[in-house]
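The structure under discussion appears below in the form of C-alpha cells.
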Protein chains: 2
Amino acid sequence: MSDRLDEARSRMWRLFRTTYVTVTEQIEKDLEQAGLPPLLWYSVLWALERAPDHEMRLHELAEEVFLSRSNITRLIDRLEAAVLLCRKRCPLDRRGAYAALTNEGLAMRQKMWAVYSEGIAQYFTDHLSQDEVQVLDAVFDRALTTAQKLTHQSTAQEG
Amino acid sequence: MSDRLDEARSRMWRLFRTTYVTVTEQIEKDLEQAGLPPLLWYSVLWALERAPDHEMRLHELAEEVFLSRSNITRLIDRLEAAVLLCRKRCPLDRRGAYAALTNEGLAMRQKMWAVYSEGIAQYFTDHLSQDEVQVLDAVFDRALTTAQKLTHQSTAQEG
DNA sequence: ACGATTTGATTGCATTAGCAACTAATATGT
DNA sequence: ACATATTAGTTGCTAATGCAATCAAATCGT
C-alpha cells in the first residue's frame, strides 16, 4: 500500500492539509477579531441564500455543511436565537422543519463575506496564476466526484 | 474587496474546502472502522517520529498540530494513557516536559499509516497526474510560506 | 543580585461536537 | 389495512476544544 503513494504525493498531501488548516484558522481569527460569527455559520447562511426561497430542510443543511443531525439541530438553535434564520413547519412532511433565512441573516452573510473573501485572497488565491487556479479547480472537482462516489458506495454496502 | 476574488478563484476555494473536508472525514471513518485512533493522534505520533530522539517539547507539538496549549496537555494525557508516548522531565528547563514516543507509539503510527495512506491515495492522489501533483505542491508551498509570514506578522503587531 | 516580566505547562469553566436513545410521522410489504 | 421498518428531528450523555486563570521556572532590566 505504500507503493500507491510516492514521496511527491505524500509530501503534497501534507502541504495540502497544512495549507487548509493554516488558512482556515487565520480566517477564523480575522472573523472573530471583526466581531463576526465563525465560518460554520457562514456555510449555513450561504447554503440558505442559494437555496430556492432561501430555505432548506434541516437534513439537507446537515449534509451540506458536513454536520451530524444532532449537531445541526443545535446549530440552527443558535442561528435562530441570533435571528439569522427561523424555523418553519413543513406542510408536506409534518415531521420535518425548514430553516429559512431572515433579512438579518442575509445581511450578516454579506458582512462576513467581506472579511472572508479578503482572507481567501490574501492568504491563498492572490499568489496563484490563472493557470494554477484552473489546474486546482480541475483536480478538486475530479477528487470530489470520485471521493463522493466511493463514499456513497461504502455506505450503501454497510446498510 | 470582491474585486480581489474573481469567480474562478472563489469557486476553486469552495472546491478546495469541500475536498479537504470530504477526504479527511472519509479517512477518519476508515480509521475508526479499523479500530484505530483519529488523525490527530497520527499527527502527534508522526511529528515525534521525525523529531530528534523521538521526543519533542509540548509547546513545539502544539504548534506542529495546530492545537492550543491547554488542549495539547489533555491530548498528551490521552496518548500517554494509551502508552503511545510518555512524558519526560526536561533537565534544561524544569518548567518544561518532553513527550517521547514509545515502541507502542511507533508501531501504532505504522498501523495507522497503512489505513491513512490508502485513504489519501484512494480518495485523492490516485486521480492526479505527475504534473498536477507538481503544480499542487508548488502552490501549497507558496501559499503556506506567505500565509505563515502574514500570520506571524499580525501576531507580532498584536503583542 | 533582585524585582518585574515572560514563558511552559496545567486546571477550571463554558461551548461545541458526536453517539445513542427517543418521539413522531412516513413509507413499505404482505 | 396494519404491523414493520425508515426517516426527520430533538434530547441526554460524554468527549473534546478554547479562553482565562494559575503556578512554577526562566529571562530581562537595572
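Couplings 3J(HN,Hα) of region B:105-119, computed from phi: x, 4, 5, 4, 4, 5, 4, 5, 4, 4, 6, 4, 5, 4, x Hz, in residue order, whole Hz [Karplus 6.51 cos²θ - 1.76 cosθ + 1.60, θ = phi - 60°; x for Gly and Pro]. Residues considered: A:Gln33, A:Gln134, A:Gln122. Largest GNM mean-square fluctuation over chain A, using C-alpha springs under 10 Å, is found at A:Gln134. Of the residues A:Ile120, A:Met108, A:Leu84, the one whose Cα sits farthest towards the positive end of the charge dipole of region A:7-127 is A:Leu84 (charges of +1 on Lys and Arg Cβ, -1 on Asp and Glu Cβ, taken about the Cα centre). Couplings 3J(HN,Hα) of region A:39-50, computed from phi: 4, 4, 4, 4, 4, 5, 4, 5, 4, 5, 4, 7 Hz, in residue order, whole Hz [Karplus 6.51 cos²θ - 1.76 cosθ + 1.60, θ = phi - 60°; x for Gly and Pro].
In sequence order, region A:85-98 has phi-based couplings of 8, 9, 6, 9, 4, 9, x, 7, 9, 6, 6, x, 9, 9 Hz under the Karplus curve 6.51 cos²θ - 1.76 cosθ + 1.60, θ = phi - 60°, and Gly or Pro positions carry x.
Spatial offset of region A:1-71 relative to region B:32-64 amounts to 23 Å, using the alpha carbon center of each.
State the percentage of accessible surface on the protein assembly as shown attributable to carbon and sulfur atoms; use a 1.4 Å probe and exclude ligands, DNA and RNA. On the protein assembly as shown, the fraction of accessible area on carbon and sulfur atoms equals 50 percent.
Using the Cβ-Cβ distance between A:Arg74 and A:Arg14 with R0 = 41 Å, the FRET efficiency computed as 1/(1 + (r/R0)^6) comes to roughly 0.80.
The calculated 222 nm mean residue ellipticity attributable to helices in the protein assembly as shown amounts to -23000 deg cm²/dmol, summing -39500 (n - 2.57) over DSSP H runs of n ≥ 4 and dividing by all residues. Counting only lysines at least 8 places from B:Lys29 when in the same chain, those with an alpha carbon closer than 29 Å to its own are A:Lys29, A:Lys149, B:Lys111. A viscosity of 0.692 mPa s and a temperature of 37 °C, combined with the Kirkwood radius over Cα pairs in Stokes-Einstein, give a translational diffusion coefficient for chain B of 180 µm²/s.
The residues of region A:7-127 present an accessible area of 50 Å² per residue when probed at 1.4 Å with all protein chains retained. Running a GNM on chain B with Cα contacts under 10 Å, which residue among B:Arg14, B:Arg74, B:Arg50 ends up with the highest mean-square fluctuation? Among B:Arg14, B:Arg74, B:Arg50, the largest GNM mean-square fluctuation belongs to B:Arg14.
The values are calculated or read from the model by the stated rules, or taken from the named source; none is laboratory data. Quick caveat, the model's predicted, so the values are computed rather than measured. Ideal geometry is used to build each Cβ from the backbone, glycine not excepted, and the neighbour counts take in all protein chains shown. Ligands, DNA and RNA are excluded from the accessible area calculation, which covers all protein heavy atoms including side chains. Shrake-Rupley method; radii C 1.70, N 1.55, O 1.52, S 1.80 Å.
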